[in-house]
Amino acid sequence: MSTGVRRRMGVEERRQQLIGVALELFSQRSPDDVSIDEIASAAGISRPLVYHYFPGKLSLYEAALRRAAQDLAGRFEEPRNGPLGDRLRRVMRRFFDFVDDHGPGFSALMRGGPAVGSSATNALIDSVRQAAYDQILSHLGVEDPPARLELVVRSWISLAESTALIWLDGRRIPRAELESQLVHDFAALAAVSAAYDEEMAVLLRGILKDEPADGPFADLLTRLLALAS
């Protein structure tokens with residue numbers, strides 16, 4: 001039979017609990033709309049005790065954001081096995097899993113929440129983008145990317161962010177379609193760049209030679225040929 005006595009938490013354990021509680025609340029509503037009182041209540045502690053561990057809502061928001069950023073960056077990690085199109089499709093599925101689970105918080109992060117203007121917040125956002133960029137280059141097997149390739153990859157990452165934000169505003173397009181579309185977008189951006197630059201053309205040919213006939217890149221080609229006809 002339970003005695004109802006709560007176990008006393010250590011400092012770091014309590015901090016991690018509060019971060020987890022804040023993340024859960026920020027996933028349901030914009031961080032602007034979540035109060036310290038709500039966080040304290042959900043954690044089962046008093047408001048003053050929250051301030052004992054975090055100086056204010058901004059510091060708690062940044063700590064929660066740091067954990068979320070690490071999670072999001074990890075969604076772009078993928079073993080370098082198999083065709084690139086299939087790898088990107090799995091990455092997009094995990095990316096949208098995160099967006100789906102943390103909708104309001106993701107939206108507030110990208111559009112500016114309570115930490116807007118914070119250099120720490122901006123640095124965390126940039127770290128996620130850089131992690132995604134590094135992972136894509138790793139998949140391409142490129143260490144020193146030429147300017148056009150950097151433009152393609154960074155443009156695609158920005159497009160994925162914008163697509164997710166638009167999708168969250170009503171979810172009017174099926175998520176699975178957007179995941180596939182973003183994989184196609186990567187191929188399309190690379191193809192346009194390859195039309196202007198031989199170095200990109202060589203890279204694209206190397207990618208396409210390993211793509212199966214039933215893969216996402218072949219699917220895009222089939223759709224484009226159908227339009228042309």
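The values are calculated or read from the model by the stated rules, or taken from the named source; none is laboratory data. None of the values given here were measured: they were computed from a predicted structure. Quick reminder, even Gly has a Cβ in these numbers, built from the backbone with ideal geometry, and neighbours come from all protein chains shown.
Glu161 satisfies every condition listed in (1) within 24 Å of Ser107 (Cβ to Cβ); (2) surrounded by fewer than 16 Cβ atoms within 10 Å (Cβ to Cβ); (3) among the charged types (D, E, K, R) except (2). Regarding Pro79, is this residue farther than 26 Å from Arg14 by Cβ and either out of contact with any helix residue (DSSP H, G or I) (no Cβ under 6 Å at 6 or more places or on another chain) or buried (at least 18 other Cβ atoms within 10 Å of the Cβ) (or both)? Spelling it out, Pro79 is indeed farther than 26 Å from Arg14 by Cβ and either out of contact with any helix residue (DSSP H, G or I) (no Cβ under 6 Å at 6 or more places or on another chain) or buried (at least 18 other Cβ atoms within 10 Å of the Cβ) (or both). For the stretch 191-205, enumerate the residues that are under 27 Å from the mean Cα position of the chain (by Cα) and closer than 15 Å to Gly141 by Cα. Passing the criteria: Met200, Leu203, Leu204.
Among the residues making up the stretch 32-49, those that are assigned to a helix (DSSP H, G or I), at pLDDT 90 or above and not basic (Lys, Arg) are Ile36, Asp37, Glu38, Ile39, Ala40, Ser41, Ala42, Ala43, Pro48, Leu49. Residue check: Leu189 meets all listed conditions (1) more than 16 Å from Phe95 (Cβ to Cβ); (2) modelled with pLDDT under 95 but one, namely (2). When the residues of the stretch 50-71 are filtered to those that are without any contact (Cβ under 8 Å) to a residue 12 or more places away in the chain and assigned to a helix (DSSP H, G or I), the one that is nearest to Pro216 (Cα to Cα) is Gln70. The set of residues in the stretch 170-217 being free of Cβ contacts under 8 Å to residues at least 24 places away in the same chain, within 30 Å of Ser30 (Cβ to Cβ) and either outside any helix (DSSP H, G or I) or basic (Lys, Arg) (or both) consists of Gly170, Arg171, Arg172, Ile173, Pro174.
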